[in-house]
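> First the structure, then my questions, so here it is.
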Amino acid sequence: MATTAGAAPTGTPAGPNPTHVALLKSGSAAWNDWRRQDPTVVPNLAFADLAGIDLEYRSLAGVDLYGADLHGAHLLGADLTDARLAAADLKGADFLSAGLNHADLTNADARGANLSHTGLLGANLRGANLTDADLTRSGLVGADLVGTNLTRATVVDADLSYTSMVFTDFSDTNLYYSDLNGAVVYRYISTWRTNWLCRHHPVCHLAG
């Protein structure tokens with residue numbers, strides 16, 4: 001798909017649907033009812049300004065949030081399965097116990113985000129910035145972490161089985177007791193002060 005510098009991929013709306021944004025901000029009950037009544041509609045929230053707002057327990061599965069500003073937003077328990085969060089601003093956002101299975105977080109800026117206890121099964125985190133993020137006890141089985149920045153990230157007791165971590169930055173990353181069974185860790189950028197005291201480490205493909 002063709003892109004230009006700083007532009008969204010072809011087919012991405014230039015801005016969000018105002019009606020969808022208004023519904024989202026009207027509260028979880030109204031939003032979730034609307035989604036149940038018309039499940040065929042794919043909400044367009046691309047580039048929406050949602051910074052700092054309460055989105056707890058929202059049904060956001062499959063929603064287009066490309067380039068959206070969600071920094072500092074509260075997404076406790078939200079369902080973001082298959083959501084498109086590529087290039088989104090997720091700095092300091094709280095995703096505690098949210099569902100992000102198969103979500104697209106390509107090149108997302110999630111510095112300092114709380115992703116603990118989240119489901120990230122098969123999620124695309126290519127090029128995402130997870131510096132200082134908390135991924136404690138998150139489930140990342142089969143996730144794509146190619147080129148992901150995990151500098152100072154807390155990845156304690158997380159399930160990283162069968163993940164792809166090529167050109168990943170592990171500077172000062174805490175991987176204590178995380179499960180790396182079948183993970184491919186190849187040509188990593190840095191392992192300075194990395195805590196590799198994780199489970200199944202010997203079966204990882206660790207080739208610098």
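> With respect to SER97, determine if the residue is open to solvent by less than 40 Å² (accessible area, probe 1.4 Å) and of a type outside the set (A, V, I, L, M).
Working: open to solvent by less than 40 Å² (accessible area, probe 1.4 Å): no; of a type outside the set (A, V, I, L, M): yes.
No, not satisfied.
> Pairs needed: first member in the range 41-67, basic (Lys, Arg); second member anywhere, open to solvent by less than 20 Å² (accessible area, probe 1.4 Å); C-beta distance under 9 Å; at least 6 residues apart or different chains.
Listed pairs, sorted by first residue: ARG58/LEU24; ARG58/TRP31; ARG58/LEU75; ARG58/ALA78; ARG58/LEU80.
> Can you name the condition, by its number, that ASP64 falls short on among (1) open to solvent by 30 Å² or more (accessible area, probe 1.4 Å); (2) acidic (Asp, Glu); (3) at negative phi?
For ASP64, the failing item is (1).
> Still on this model: Taking the conditions exactly as written (open to solvent by 10 Å² or more (accessible area, probe 1.4 Å), more than 20 Å from TRP31 (Cα to Cα), charged (D, E, K, R) and touching a Leu at 6+ places or on another chain (Cβ under 9 Å)), does ARG126 satisfy them or not? Steps first, answer last, please.
On the way: open to solvent by 10 Å² or more (accessible area, probe 1.4 Å): yes; more than 20 Å from TRP31 (Cα to Cα): yes; charged (D, E, K, R): yes; touching a Leu at 6+ places or on another chain (Cβ under 9 Å): yes.
Taking the combined requirement at face value, the residue satisfies it.
The values are calculated or read from the model by the stated rules, or taken from the named source; none is laboratory data. Since the structure is predicted, the reported quantities are computational estimates derived from the model, not experimental observations. Note: ideal-geometry Cβ built from the backbone for every residue, glycine included; neighbour counts use all protein chains shown. Side chains are part of the model used for accessible areas, which takes the heavy atoms of the whole protein and leaves out ligands, DNA and RNA. Shrake-Rupley method; radii C 1.70, N 1.55, O 1.52, S 1.80 Å.
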